[in-house]
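> Have a look at this one before I ask anything.
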Amino acid sequence: MKFASLLTTISLAASAFAVYVTSADGTKIWAEATGDPDKPAVVFIPGFSCSSLAFSKQWSDPYMTSNLYMVRYDVRGQGISDQPLANTSYVSKPFAEDFKAVIDYFDIGGKRPILAGWSMGGVTAADIATYYGTGLIRGVVLLGSFPHRNMHSQVATQWILNFIPRLLDYSLAKFGPTAKEFAESCVAFGDQLDQTTKYSWMGAVAGQNPDVRLWSIPHTQNETALMNARLTLPYLVLHGKLDKHVDGVKLRAYMDKWFGNFVFRLWDNVGHASFWDAPEDANKEIVAFARRLRRGWAILSDSPDGLIFSPDVDGTSDAPPSS
């Protein structure tokens, strides 16, 4: 049995909703859905050289599965999705087409799902805006992420800028330590990352063709359509003060300057994978955000104490239960 087939079999055993979706150019995209189809839809997209299995703390949380319909997929060239060996497969349009193919397959396009992207996964919103318009999505959750690729240099840490060349090095002798350090860098305290998770994340990096890593880095975008909607498109930004990849203070300054409809959380003792380091807080915020947008609250209110929860007309509240 091929390795990819084995992984698919394992995943299918855990969920009846795991499939390969065919994108516009024929690329097979691995995707999985869970939760309540009648609830707001959220599509989770992993970061560079990572697998969507990183969202396990969302998939295993009954609060999430009972309040959302969640879809996750492996980005082309990553995880167990196809890895086309042509640099033209890693430009902006195919990434938008992959998202569209996934939401069409799971029949959630009419719901206008929320895009929840980790790191480079979050910039997919700019691809979507360019080729389908921002009306395809209801809002965006940035998980250690930022709005579009062309601003990366404005918010990237010096650590990640120094580290990227190591990820692109073809030397097999150097790759093991590089993959380990990359996985550990994604959380606040890498030396405390459990071994199962660490080697799963390392495996996602190792399973990616080095040419694909090289082609994916310069993936350019035209952010014009996204920026035209920057004052109205709702954003939820969940960020950690210990993020080694994206500077949260710089990101907040950028959002304050250019965006007009967002909620921003900058948490202590949380690293690049905010959804992993602080799953309970992240999950509650995501559900509240989804409920709020589904109820037609187009404009968000920000406060240092968390989302401002208000009762709906039926007397219910979008606030999560106290822990």
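> If Pro46 satisfies every condition in (1) touching a strand residue (DSSP E or B) at 6+ places or on another chain (Cβ under 6 Å); (2) surrounded by fewer than 17 Cβ atoms within 10 Å (Cβ to Cβ); (3) in contact (Cβ under 8 Å) with a residue 60 or more places away in the chain; (4) not basic (Lys, Arg) but one, which is the exception?
Result: Pro46 fails condition (2) only.
> Which of the residues that make up segment 190-225 are part of a helix (DSSP H, G or I), of a type in the set (A, V, I, L, M, F, W, C) and more than 13 Å from Ala179 (Cα to Cα)?
Taking segment 190-225 and keeping what is part of a helix (DSSP H, G or I), we get 190-192, 195-206, 210-216, 224-225.
Right, trim to of a type in the set (A, V, I, L, M, F, W, C) and you get 201-202, 204-206, 212, 214-215, 225.
Selection gives Val212, Leu214, Trp215, Ala225.
> Please pick out the residue among Met120, Met151 that is touching a Lys or Arg at 6+ places or on another chain (Cβ under 9 Å) and in a helix (DSSP H, G or I). Walk me through how you get there before you give the answer.
Values: Met151 fails: touching a Lys or Arg at 6+ places or on another chain (Cβ under 9 Å).
Going through Met120, Met151 in turn, the sole match is Met120.
> For segment 234-258, give me each residue that is surrounded by fewer than 19 Cβ atoms within 10 Å (Cβ to Cβ) and either touching a residue at least 40 places away in the same chain (Cβ under 8 Å) or not in a loop (DSSP other than H, G, I, E, B) (or both). Step through it out loud before you land on a result.
Pass one, segment 234-258, residues surrounded by fewer than 19 Cβ atoms within 10 Å (Cβ to Cβ): 241-242, 249-250, 252-254, 256-258.
Hits for segment 234-258 are Leu242, Val249, Lys250, Arg252, Ala253, Tyr254, Asp256, Lys257, Trp258.
> Looking only at residues that are assigned to a helix (DSSP H, G or I) and of a type in the set (Val, Ile, Thr) in segment 154-167, which one is nearest to Asp281 (Cα to Cα)?
Only one residue tops the list, namely Val155.
> How many residues are crowded, with 21+ Cβ neighbours inside 10 Å and part of a helix (DSSP H, G or I) when one looks only at segment 168-186? Steps first, please.
As a first pass, look at segment 168-186 and keep what is crowded, with 21+ Cβ neighbours inside 10 Å: 179, 182-183, 186.
If we keep only those that are part of a helix (DSSP H, G or I) too, we end up with 179, 182-183.
Residues that pass the stated criteria total 3.
> Follow-up. Based on what the data block shows, is Trp30 surrounded by 24 or more Cβ atoms within 10 Å (Cβ to Cβ), at pLDDT 95 or above, farther than 19 Å from Val123 by Cα and aromatic (Phe, Trp, Tyr)? Even if it seems obvious, please write down each step before you answer.
Details: surrounded by 24 or more Cβ atoms within 10 Å (Cβ to Cβ): yes; at pLDDT 95 or above: yes; farther than 19 Å from Val123 by Cα: yes; aromatic (Phe, Trp, Tyr): yes.
Yes.
The values are calculated or read from the model by the stated rules, or taken from the named source; none is laboratory data. As the structure is a computational prediction, the values presented were derived from the model and not from experiment. Because the Cβ atoms are built from the backbone with ideal geometry, glycine has one as well, and the counts that use them run over all protein chains shown.
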